[in-house]
């Protein structure tokens, strides 16, 4: 099993398509981590609309913007490397060239790090197995169960530091995303989680 980073999923040819796909790589911090999924999606739709991005719409009775989160975060978790997939209806349009316009409408707590073009639609990302790297800061009088950590098949790697911080790389499947908070509590029931952030997503190649 191996995983590939987002930069290996970008466009490798210049052929024109009916629509173009882009991934906005962004940070989600501060008050934004407490927005629910639908509210956060509505926020991005408003940003795209205000920036006059020629986004594609679904061919349904009630058409919606074709923007999707790739493996969205649970409520309350900070994201340092999150993916927003967006379909553009104009095959000649370059979202990278309009990044500054998008950034001008972002609220505090969201920062665009990079925009890349990809040849994959959002369904490709959401149906593939992926790994996610998390960094957790915590307080606990009890020690984390190192044996349970090493024997858990969902944990690829772990790094437990002396300053009450823990780094985990966890495998997720398309039909079931791991509840990171529940996983941490299974390692130490009396743990007090100060912060939890997702650092990276890697997709299975």
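See the values below:
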{"read-out": "Per-region count, the range 4-41, residues modelled with pLDDT of 90 or more and loosely packed, with under 12 Cβ neighbours inside 10 Å", "value": "5"}
{"read-out": "Selection status of residue 102, over 20 Å from residue 199 (Cβ atoms), surrounded by 12 or more Cβ atoms within 10 Å (Cβ to Cβ), out of contact with any helix residue (DSSP H, G or I) (no Cβ under 7 Å at 6 or more places or on another chain) and in the same structural domain as residue 51 (by TED's automatic domain parsing)", "value": "no"}
{"read-out": "Any hit, the range 105-115, residues being crowded, with 17+ Cβ neighbours inside 10 Å, in the same structural domain as residue 69 (by TED's automatic domain parsing) and either under 30 Å from residue 194 (Cβ atoms) or touching a strand residue (DSSP E or B) at 6+ places or on another chain (Cβ under 9 Å) (or both)", "value": "yes"}
{"read-out": "Test for residue 144: is it in contact with a strand residue (DSSP E or B) (Cβ under 7 Å, 6 or more places away or on another chain), surrounded by fewer than 15 Cβ atoms within 10 Å (Cβ to Cβ) and not assigned by TED's automatic domain parsing to the domain that holds residue 30", "value": "no"}
{"read-out": "Residue in the range 177-194 that is modelled with pLDDT under 85, surrounded by 15 or more Cβ atoms within 10 Å (Cβ to Cβ) and part of a strand (DSSP E or B) present", "value": "no"}
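The values are calculated or read from the model by the stated rules, or taken from the named source; none is laboratory data. Note that the structure is predicted; figures quoted are calculated from it, not measured. With ideal geometry, Cβ positions are generated from the backbone for all residues, glycine too; neighbour counts draw on all protein chains shown.
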